[in-house]
Each structure stands twice: as structure tokens, then as C-alpha cells.
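A quick write-up on the structure given underneath.
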Ligand SMILES: Cc1cc2nc3c(=O)[nH]c(=O)nc-3n(C[C@H](O)[C@H](O)[C@H](O)COP(=O)(O)OP(=O)(O)OC[C@H]3O[C@@H](n4cnc5c(N)ncnc54)[C@H](O)[C@@H]3O)c2cc1C
């Protein structure tokens, strides 16, 4: 099945906001995308957190090239200063984009990418590698198929691979056995999952904004279902720095959530356990007992693991990737986003120079490009996509693409990106 590689389409893995942005920008540059989405609709990871209000406003959440395309159809642009929920992001932007007559023919729903490689080349083989097409192994209701493409844009997100509760990065002892009472991510506590949490003792683990969202909803639930008891376990030694966003934070919703959690703590609505590092989870008379530093926490009915997400690198294991050992992002992006080095949460714009791998023609974009770092924003992803698609349109002219890359700081120069 050899062919002229230049005539092949470009595979986009995932039809989240960033995968769709890649499709729009490829078409805009005169290239042909083929988009594979494992879910039954575009944005199907977002559907899991549809009830969450975003902390970035509409102005940051949409790709300008996609806006132009949507405007051709009589689409009504949302108020740019409003903060959508995940549901609104889907209904007012992601789904209209996916069903646009220029995008829909390129979109393959219910089609999972299981593997990617290079035609007739396993990861070891050099000979003629750069000229070989990529092979994308997909599966759907009709079975498995190999599809040849010219380049890969992996925008498959991280939501399907949450971090474990275990403090060592691997499952805590007993975590897998207890999985029916553990919810990873941001469950819809006040909606579809209400019965699971109402009147129960619930332990939330995690110190980020997903944990704050879960705590906020549990407190609301406890006002209606009075026996609901809320425990919160964090790694940190104190909850003194809950409000970390500046007063004039451009992501105002983020600060509002932080201030609200601070107030709930002051009102005594949440029992806090600091210095938590989970080693073991034991089932005991229908309850779960979490052990941290060899001490047991009070027994609980349910645990919410708001412990972040990690990239699925297995998908790329037959390709030559260079991954930052700490963040698991592309190696040149790691120093820009490593939370061990930067605390500000803001990341400079970046492009192909930071996203490239030794495997030419492979780009990981969107939240997956950040690996385990938690600071990804859609507006950064849209800039990534612009840079990658312009490189692909220029037949791989990396020098001009790098010259046009939006990178505005050098991570190796202390202080030029964000304060430490
Ligand atoms: C609760 C929450 C709140 C957030 N709030 C904000 C915010 O306020 N502002 C902001 O800018 N960002 C926010 N983010 C971060 C980020 O912008 C979102 O996670 C966003 O959805 C990332 O877009 P994406 O396209 O990279 O990935 P996703 O939206 O996760 O899309 C990936 C897509 O790939 C598909 N897929 C996965 N594996 C495969 C496969 N093997 N084959 C085919 N398809 C596959 C999935 O089904 C999914 O549709 C938030 C994230 C979360 C979890």
C-alpha cells in the first residue's frame, strides 16, 4: 500500500476544541484533515464536565479562524466577556463547528485511534523513515482499519487518563479494588450523580480548582441532604494559600471560586486533612478507609479523586518522541510549563519549535501537549495549532515557521517567562 505521501491527508486525533481548531486551520491553509473522534459527538471529554463553569471567558475559548467560519453560517457569537459552562462551550461553539458543512465531512465519530506508526517502519528502523507515510490504526463498529496519512496532530486530551490517588504516582494499595466508590475527575454532584453523594461521607482529594469545584457542589448538596459530610485531603501543610490568583486576575471566575472556598472553610463546612499522601485504601464494613503516612482517615462512603490527568503516551510508543522527563510534555515545552519551576500559572505563547519531536510530522497539541502540567488554556492551544498548521502548509519549512513562532520568552532565561 505505498503511495505518494504528499497527497495524503493529515490525521487529527480527537475532536475536542483543539482538534477541531486543527481541522479548521488545515482547511484554511488548503490542506485536508481526517479527524478521528472516539466519542459519539465532538467534545465528548468536555461532556463529562459540562456542569462546570469555566474560568476563562468566551474571548479566550474560541479560535479566531473558527469564529470566521462560523460567522458564515449565521451563528450568533456569545458575549465575549461571559464565562460559559462546559455545556455552553459545547452547545454554542464545539458542536456548531463540528456540524459545519466544511468540517463535518472530515469528521469520523465513534472511531478510536488505537495505534500510530510509520509505514513499514517500527520505531527502530531508520532507512527511508522520513519519507514513509504514517499508519493510523483505527477501530469502530466495522472493525479495525489502517489509514495512511502524511502527518499526525494528536489532540486526544488527557481526561480519559486521570492520575491515581496513590501518592507515589501508582495506584494506592487497594485503589483498584475500591474503584466502584472512587470518582476520577469532576463528577456532576448536583445533577446526574446526586444520589451517589447525597447524605454520604465524601472525601475529596486534590489541591487544585477541580477539587474546589467538587467541594463547592458538595457544600450545596449538604444544604439539601443534611447528612452529607465533606472531608478534604490535600498534600500541602496548610490551606492558607487557597486564594492565589491576583485581585485583578484576568480569569476572574478562578479567583471567585478560590474566595468562595476560603469562605466555606471559614464557615467550617469542610473538614480539612493536610499532609495527605495516600498509601493504602481499605474496604471496611461497606466504607473506605484511606491510609496516609500510616495513619487512617475517618471512614468514608465515596472518594472524589481531583488529582489531575496524565497523557496516554502508549498511543505514540512506535514513534520517536522526545518527552520532558518531569512534565511528560514535548521536551522543549517542558521548561516553559513545569510547575516545579514556575508558580504563576501563565505560560508564554509557543509553537512548532517547542512542540516538535524527533519524528518529523508528529505534533502533540492541546491539553495533551502539557503532559502532567495543569496550566493549559484553550487560547494557548489555538496558538499552537496555528503554528503547526502553518508549518505543514509550508511543506515543513521549519525555519520560517520558527521565525513566525509566537514564543515570547526564553524559558532558560530566569524571569523572562513568569515569576518563580
Ligand atoms: C473541569 C475542567 C475545567 C476546565 N476549565 C478551563 C477553562 O476555564 N479555560 C481553559 O482554557 N481551559 C480549561 N480546561 C482545560 C482545557 O482547556 C480543556 O480540558 C479542553 O477540553 C482541552 O481541549 P483539547 O481539545 O486539548 O482536549 P479534549 O477536550 O479533552 O478533547 C480530546 C478529544 O479526543 C478524543 N479522544 C481521546 N482519545 C482518543 C483516541 N484514542 N482516538 C480518537 N479520539 C480520542 C476525546 O474523546 C475528546 O473528544 C478545563 C479542563 C477541565 C477538566
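Taken together, the values in this text are just the output of simple stated rules run on the coordinates, not laboratory data. Note that the structure is a prediction, hence the values are computed from the model and not measured. Neighbour counts are summed over all protein chains in view; Cβ atoms, including those assigned to glycine, are modelled from backbone coordinates with ideal geometry.
Against the chain, whose longest principal axis comes from its Cα atoms, helix 378-393 is set at around 20 degrees.
What full-extension length gain, to one decimal in nm, is calculated for residue 173 and residue 360 as 0.36 nm per residue of separation minus the Cα-Cα distance? Mind dumping the intermediate values first?
Details: separation 187, 0.36 × 187 = 67.32 nm, distance 4.06 nm.
Computed gain between residue 173 and residue 360 is 63.3 nm.
So what's the back-of-envelope 222 nm ellipticity for the chain, counting only DSSP H runs of four-plus at -39500 (n - 2.57) apiece and dividing by all residues, rounded to 500? All intermediate terms of the calculation are to be shown ahead of the outcome.
Numbers: 12 runs with 97 residues, N = 420.
The helix contribution divided over the chain gives -6000 deg cm²/dmol.
Inter-part distance, region 1-61 to region 202-239, computed on C-alpha centroids, equals 33 Å.
For 170, 303, which order do you get if you count the other beta carbons within 10 Å of each Cβ and list the fewest first?
Values: 170 9, 303 25.
Ascending Cβ contact count within 10 Å gives the list 170, 303.
Global dimensions of region 51-122 from alpha-carbon coordinates: Rg and Dmax equal 16.0, 50 Å.
So how do 164, 232 line up by other beta-carbon neighbours within 10 Å, fewest first? All intermediate terms of the calculation are to be shown ahead of the outcome.
On the way: 164 18, 232 27.
Starting with the residue having the fewest Cβ neighbours, the order is 164, 232.
The simple spin-label model puts a point 7 Å past each Cα toward its Cβ; for residue 236 and residue 6 those points are separated by 5.5 nm. Round to the nearest 10 and give me the degree value, 0 to 90, for the angle of helix 252-266's Cα axis relative to the longest principal axis of the chain. The two axes meet at around 20 degrees. With each label modelled as a point 7 angstrom along the Cα→C-beta vector, the residue 127-residue 287 pair spans 6.6 nm. The largest-to-smallest principal axis extents of the Cα set in the chain are 65, 48, 46 Å. Multiplying the residue separation of residue 120 and residue 273 by 0.36 nm and subtracting their alpha-carbon distance yields 49.7 nm. The label point for residue 142 and the one for residue 40, both projected 7 Å from the Cα toward the Cβ, are 2.0 nm apart. Over region 138-183, the hull volume per residue, using the convex hull of the C-alpha atoms, is 153 Å³.
Both numbers refer to the Cα atoms of region 97-154; Rg and Dmax are 13.8, 42 Å.
When the scattering of region 179-305 is computed by the Debye formula from its Cα atoms alone, each counted once and equally, what is log10 I(q)/I(0) at q = 0.16, 0.23 Å⁻¹? Taking Cα atoms of region 179-305 as identical point scatterers yields -0.78, -1.47. Between residue 101 and residue 317, full extension at 0.36 nm per residue minus the direct alpha carbon distance yields a gain of 74.3 nm.
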